[in-house]
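Q: Before I ask anything, let me first share the structure, which is written out below as structure tokens.
The values are calculated or read from the model by the stated rules, or taken from the named source; none is laboratory data. For clarity, every value in this text was computed on a predicted model and none was experimentally measured. Note: ideal-geometry Cβ built from the backbone for every residue, glycine included; neighbour counts use all protein chains shown. When the accessible area is computed, the model is the full protein with side chains, heavy atoms only, and any ligands, DNA or RNA have been set aside. Shrake-Rupley method; radii C 1.70, N 1.55, O 1.52, S 1.80 Å.
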Amino acid sequence: PAAVWPLRRGREEHIVLQGINRDNRLFMLGNFLFALSYGLWMNLRQLHLAALGAEPAEIGTVFALIAIAGGLLPIPAGILADRLGPRRIIIGGWLLAALGGVIATLAPTWPVVGLGYVIFMLVIAANPATVSFVLLNTRPQDGERTAERVLATVFASWPAAMIFAPVLGGVLADQWGIPLVHGLGAVGLFVSTGVLFLT
């Protein structure tokens, strides 16, 4: 009945919150910080490359390499996650992303900036491990299956950050320049990875 629905919904939300243990809550925070840090400069990459002298064809080539990098490692990373555990793969992937962010921040020429972007995109290898990590830290409560709702709740931290991160990055870039935004993003990537070390 409609009158019972709010009570049922409240009970289900309480169950979901019970299912999100400490490690998943820390992952939510780290995932939010990672998305916020990446979102700051995600839409500024073309402008940054162009400001360093890259032509449109060269920018297109960099983004083609970024796409290739994103597809290189998920399968081998999945195999390693089975052997080493998903936490180690996530930390390794996020550290790699942070390194790419540092390279893109400090590079004096567009080819090296492009290399930083390519290295950053290798982080996609960690994506399957994030799902495994959250599931391994999820347990049904009160005899109900909560894994789907816990996954949806935990990973909502990414779009939550992406709602305002690109706008914030654009505003900061207008005020202080793209290199500073890159630097803030790189620092944020290391901070987000540091959160994972607490799990």
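Q: Scan (i) 1.16; (ii) 1.28; (iii) 0.94 for the value of Cα Rg over 2.2 N^0.38 Å calculated from this model and give just the label.
A: Correct label, based on the coordinates given: (i).
Q: Go through 46-53, 29-36 and give me the packing order, highest mean Cβ count within 10 Å leading. Don't jump to the answer; show the numbers that get you there.
A: Working: 46-53: 16.0, 29-36: 22.0.
Top to bottom by mean Cβ count within 10 Å: 29-36, 46-53.
Q: Another question, if that's okay. Sticking with the crude label model, points 7 Å out along Cα→Cβ, report the distance from Q175 to A50 in nm, one decimal please.
A: 2.4
Q: Once you've got the GNM for the chain with C-alpha springs shorter than 10 Å, pick whichever of A186, A125, A57 has the biggest mean-square fluctuation.
A: Maximum among the listed residues: A57.
Q: Rounded to the nearest 0.05, what FRET efficiency do E148 and I79 have when you use their Cβ-Cβ distance and R0 = 25 Å?
A: Numbers: r = 26 Å, r/R0 = 1.02.
Efficiency, rounded to the nearest 0.05: 0.45.
Q: Averaging sequence separations of C-alpha pairs under 8 Å and six or more residues apart, then dividing by the length of the chain, give the relative contact order as a whole percent. Each step should come with its number before you reach the end.
A: Details: 270 pairs, mean separation 81.3, N = 199.
With pairs under 8 Å counted, the relative contact order is 41 percent.
Q: For labels at L198 and F155 in the simple 7 Å Cα→Cβ model, what's the distance in nm?
A: Placing both labels 7 Å beyond Cα along the Cβ direction yields 2.4 nm.
Q: Hey, another quick one. Take the solvent-accessible surface of the protein heavy atoms, probe 1.4 Å, and return the percent of it on the chain that carbon and sulfur atoms account for. Provide the component values of the computation, followed by the final result.
A: Values: 7120 of 10280 Å².
Of all accessible area on the chain, carbon and sulfur atoms account for 69 percent.
Q: Could you tell me the distance between the Cα centroids of the stretch 78-144 and the stretch 54-73, to the nearest Å?
A: Comparing the Cα centres of the stretch 78-144 and the stretch 54-73, I get a distance of 19 Å.
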